[in-house]
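One structure is given here, and the rest of the page talks about it.
The values are calculated or read from the model by the stated rules, or taken from the named source; none is laboratory data. From a predicted model like this one, the values you see are computed outputs, not experimental measurements. Heads up, the Cβs are rebuilt from the backbone with ideal geometry, glycines too, and the neighbour counts pull from every protein chain shown.
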Amino acid sequence: MDYFDVINERHSIRAYGNKPIDADSLQKILEALDRAPSAGNLQAYEVYVVADESCKRALVKASGDQEFLAQASVVLVFCSHAARSKVRYAERGTSLYCVQDATIACTFAMLAAAALGLSTVWVGAFDEDEVREIVHAPQGHRPVAMLPIGYAAEEPRLRPRRKLNDLVHQVW
């Protein structure tokens, strides 16, 4: 699929069918997120792959009952890893760059999934400590985004976007 088609076809989906995603597709998504740019190429993030039904149910609870997390074939949990950034970038690396690294990787995974005909939705509302415990992440891995991936069981809602002249500002 053409890159711009991927961007235009990607929508947030909050209902998934029972069809599992194949291992090859998941591998392609993981390889895509590994190619995401990061500050100093430090890749100051970790990704936890959640496919276990009981773990997905726990993620539902940790996210304030966002039920679609349990419907997805897999949920990727993106965590910042501040210690990887601290070495080179000190406080700015620990407070910002590692979070940016994790979110860029999540975006690459989201677009890769769309290119493969899969659906996702970015999830940012959850209890960080509960999610860290569910995925057995150490204290230094901060959950910043979850990405359920699966086959859509709903038609996407087309939502209005801001006009470019309202969003983009020229600096002369």
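Scanning region 1-25 for residues that are closer than 15 Å to LEU111 by Cβ and either surrounded by fewer than 12 Cβ atoms within 10 Å (Cβ to Cβ) or of a type in the set (A, V, I, L, M, F, W, C) (or both) yields MET1, ASP2, TYR3, PHE4, ASP5, VAL6, ILE7, ASN8, ILE13.
Results for (1) over 17 Å from VAL144 (Cα atoms); (2) of a type in the set (Gly, Ala, Ser), shown as yes or no for each residue.
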site: VAL6; (1), (2): yes, no
site: ARG10; (1), (2): yes, no
site: ALA15; (1), (2): yes, yes
site: ALA44; (1), (2): no, yes
site: TYR48; (1), (2): no, no
site: ASP52; (1), (2): yes, no
site: ALA72; (1), (2): yes, yes
site: HIS81; (1), (2): no, no
site: VAL87; (1), (2): yes, no
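Remark: pairs (first residue in region 134-158, within 20 Å of PHE108 (Cα to Cα); second residue surrounded by fewer than 24 Cβ atoms within 10 Å (Cβ to Cβ) and basic (Lys, Arg); Cβ separation under 6 Å; 6+ apart in sequence or on different chains) = PRO143/ARG132; TYR151/LYS19. Any residue at all in region 41-49 that's in a helix (DSSP H, G or I) and surrounded by 19 or more Cβ atoms within 10 Å (Cβ to Cβ)? Taking every residue of region 41-49 in turn, none turns out to be in a helix (DSSP H, G or I) and surrounded by 19 or more Cβ atoms within 10 Å (Cβ to Cβ).
Here PHE4, PHE68 are screened, and the one residue that is within 25 Å of ARG157 (Cα to Cα), free of Cβ contacts under 8 Å to residues at least 24 places away in the same chain and not hydroxyl-bearing (Ser, Thr, Tyr) is PHE4. The residue that is farthest from ASP22 (Cα to Cα), among those in region 130-152 that are assigned to a loop (DSSP other than H, G, I, E, B) and out of contact with any helix residue (DSSP H, G or I) (no Cβ under 7 Å at 6 or more places or on another chain), is GLN139.
Rundown of residues vs (1) in contact with a Phe, Trp or Tyr (Cβ under 9 Å, 6 or more places away or on another chain); (2) closer than 29 Å to ILE7 by Cα; (3) at pLDDT below 95; (4) basic (Lys, Arg), yes/no style:
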residue	(1), (2), (3), (4)
ASP65	no, yes, no, no
SER80	yes, yes, no, no
LYS86	no, no, no, yes
THR107	yes, yes, no, no
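Please work out if VAL87 is farther than 22 Å from LYS61 by Cβ, assigned to a helix (DSSP H, G or I) and not basic (Lys, Arg). Judged against the criteria, VAL87 is a match. For beta carbons closer than 6 Å, sequence separation of 6+ or different chains, a first residue in region 83-95 that is under 14 Å from ARG142 (Cα atoms) and a second that is of a type in the set (A, V, I, L, M, F, W, C) and outside any helix (DSSP H, G or I), the qualifying pairs are ARG84/LEU42; ARG84/ALA44; SER85/LEU42; SER85/ALA44. Among all residues of region 121-139, there is at least one that is modelled with pLDDT of 95 or more and in contact with a His (Cβ under 8 Å, 6 or more places away or on another chain). A residue that is closer than 29 Å to PHE4 by Cα, of a type outside the set (Phe, Trp, Tyr) and surrounded by 21 or more Cβ atoms within 10 Å (Cβ to Cβ) occurs nowhere in region 153-160. Contact annotation: residue pairs with Cβ atoms under 9 Å, 6 or more positions apart or on different chains, pairing a residue in region 97-123 that is within 13 Å of VAL47 (Cα to Cα) with a partner that is of a type in the set (Lys, Arg) and surrounded by 22 or more Cβ atoms within 10 Å (Cβ to Cβ), are CYS98/ARG84; ASP101/ARG84. Scanning region 26-40 for residues that are touching a Gly at 6+ places or on another chain (Cβ under 9 Å) and either surrounded by fewer than 19 Cβ atoms within 10 Å (Cβ to Cβ) or part of a loop (DSSP other than H, G, I, E, B) (or both) yields a single hit, GLY40.
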